[in-house]
Amino acid sequence: MTDIVTVTRGPSPLILSMPHPGTDLPPEVHAALNERGRLVEDTDWHMRELYAFAERFQPTIVEAGLSRYVIDLNRDPSGASLYPGQATTELVPTTTFDGAPIWATPPDEAEIARRREAYFQPYHDALAAEIARAKATHGWCLLWDCHSIKSVIPRLFPGTLPTLNLGTNSGASCAPAVETAATAAMAGHALTQIANGRFKGGWITRHYGRPQDGVHAIQMEIALSAYLAKEAPPWRFDAATARPLQTALDSIIDAALAAAMVQSVGLGR
Ligand SMILES: [Zn+2]
């Protein structure tokens, strides 16, 4: 079985969190899913390949190996909705994003609690430890939560999603200067974009983002159409399509890091 979480340590204050690129299913979860669920279609495909450019920042990468259908690492473990009143998927999703049922045997409360212990907790223990390590070394860190999603999902949002969806929990998860620098860098690229639109940052951004303690968290939700050959199986990475997106992400991260560093020495206050 794939590891629940893989940590690749780097010396810089940048931490890339990748909670949804995993496609692996523990045997008992595989057995409980239906045929549709076993396709794990709602995966954040090829995150490591997409973020290969970020090597120059010497980041720490915390990456999940299991599918989000096992348990969603970017949801409140209490089960509270991220977007009350709006359609969203749950801590353990009951359907695909499109609304198709994924379980032959839906998990009960005891099974969800078991998965929280066995699969949710190890990812967050690892992420929390890397945030603490970066803070101990640098006094601050930039937590960049990496996501991607199909650009057309009528059940979740109208029309076509912008390519770049930057989320800071409406300004709460990083210093204002960090968000300003990131959105200004983003605006320099000819890709459709929005800050704190439909996706404002999930539980990871909201839980770990503590700018007053030097932890600046940003979620970047990306339309899959910006780096895949098409938004359908076999979900093939397309290097030429991805290049402008990678160039944009590189400059946005660079700007956010520079702004966060200024914050850390108090010059931005
Ligand atoms: Zn995601």
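The values are calculated or read from the model by the stated rules, or taken from the named source; none is laboratory data. Keep in mind that what you see is a predicted model, and the values were worked out from it rather than measured. Because the Cβ atoms are built from the backbone with ideal geometry, glycine has one as well, and the counts that use them run over all protein chains shown.
Quick look at the numbers
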| item | result |
| --- | --- |
| Among the residues listed as ALA185, ALA239, the single one being free of Cβ contacts under 8 Å to residues at least 60 places away in the same chain and over 23 Å from LEU127 (Cβ atoms) | ALA239 |
| Failed criterion for GLU117 (all others in (1) in contact (Cβ under 8 Å) with a residue 40 or more places away in the chain; (2) away from the ligand (no atom under 16 Å from the Cβ); (3) charged (D, E, K, R) hold) | (1) |
| Selected residue (criterion: surrounded by the fewest Cβ atoms within 10 Å (Cβ to Cβ)) from residues of the range 137-171 that are aromatic (Phe, Trp, Tyr) and over 16 Å from ILE252 (Cα atoms) | PHE157 |
| Residue within the range 20-28 that is away from the ligand (no atom under 13 Å from the Cβ) and in contact with a helix residue (DSSP H, G or I) (Cβ under 8 Å, 6 or more places away or on another chain) present | yes |
| Residue within the range 90-97 that is out of contact with any Pro (no Cβ under 7 Å at 6 or more places or on another chain), of a type outside the set (Ser, Thr, Tyr) and modelled with pLDDT under 95 present | yes |
| One residue from ALA132, ALA190, ALA177 being at negative phi, over 16 Å from the mean Cα position of the chain (by Cα) and touching a residue at least 60 places away in the same chain (Cβ under 8 Å) | ALA177 |
| The lone exception for ALA172 - which of (1) hydrophobic (A, V, I, L, M, F, W, C); (2) touching a residue at least 60 places away in the same chain (Cβ under 8 Å); (3) away from the ligand (no atom under 16 Å from the Cβ); (4) farther than 17 Å from ILE15 by Cβ it fails | (2) |
| Filtered residues of the range 26-81 (kept if among the polar types (S, T, N, Q) and touching a residue at least 40 places away in the same chain (Cβ under 8 Å)) | ASN34, THR43, GLN58, THR60, SER67, ASN74 |
